[in-house]
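Asker: First the structure, then my questions, so here it is.
The values are calculated or read from the model by the stated rules, or taken from the named source; none is laboratory data. Treat the numbers as computed from the prediction; the structure is a model and nothing was measured. In this analysis, Cβ positions are derived from the backbone assuming ideal geometry, glycine residues included, and neighbour counts consider all displayed protein chains.
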Amino acid sequence: MRKIVYIIIAVILSSVNIVKAQTEVIEITEVQSQLANINTTALDTGDTAWILVSTALVLFMMLPGLALFYAGLVRKKNVLSILMNICVITGIGSLLWFGGLF
C-alpha cells in the first residue's frame, strides 16, 4: 500500500515540475523576443579600456599573491621552484587562452 502512495506522490510532484518547466520556457522565450527588439548601441571605447585595465590590475595582483601563498606552504629551498612553477603555468595558460584552445 505504501508503494502505491509513494508512486502517486511521485507522479503528482513530477507533473508539477513539468508545468513549472513549461512556464519557465515560455518566460524565457518572451524575454528573448523582448531583447531582440532592443536597439543595440555601439561599444564605448572608454568602457572597453576600463574593463581591460581592471582585468590587468586583477591579474597582476592575483598572481604574486597566489605565488607567495604557495611559497609559504613549502620549505625555504623550494620557494624559487614554486614561484617559477606559477609563472610557467600562467604563461602556458595565457598562450592557450589567446590561442583559443582554453
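Asker: Which residue is farthest from the chain's Cα centre (by Cα), if the candidates are limited to region 75-102 and must be within 20 Å of Leu59 (Cα to Cα), in a helix (DSSP H, G or I) and not hydrophobic (A, V, I, L, M, F, W, C)?
Answerer: Filtering region 75-102 for residues that are within 20 Å of Leu59 (Cα to Cα), in a helix (DSSP H, G or I) and not hydrophobic (A, V, I, L, M, F, W, C), the one farthest from the chain's Cα centre (by Cα) comes out as Asn85.
Asker: Looking only at region 33-62, which residues are small (Gly, Ala, Ser) and either at pLDDT below 90 or assigned to a loop (DSSP other than H, G, I, E, B) (or both)?
Answerer: Scanning region 33-62 gives Ser33, Ala36, Ala42, Gly46, Ala56.
Asker: Cβ-Cβ distance below 8 Å, separation of 6 or more or different chains: which pairs start in region 84-102 with a residue that is over 23 Å from Tyr70 (Cα atoms) and end on one that is surrounded by 11 or more Cβ atoms within 10 Å (Cβ to Cβ) and not acidic (Asp, Glu)?
Answerer: As it stands, the answer is Phe102/Gly93; Phe102/Leu96, since those pairs meet every condition given.
Asker: Taking the options Gly100, Gly65, name whichever one is of a type in the set (Gly, Ala, Ser) and at pLDDT below 90.
Answerer: Values: Gly65 fails: at pLDDT below 90.
Residue meeting the stated conditions: Gly100.
Asker: A further question on this structure: So which residues in region 75-90 are loosely packed, with under 12 Cβ neighbours inside 10 Å and among the aliphatic types (A, V, I, L, M)?
Answerer: Result: Leu80, Met84, Val88.
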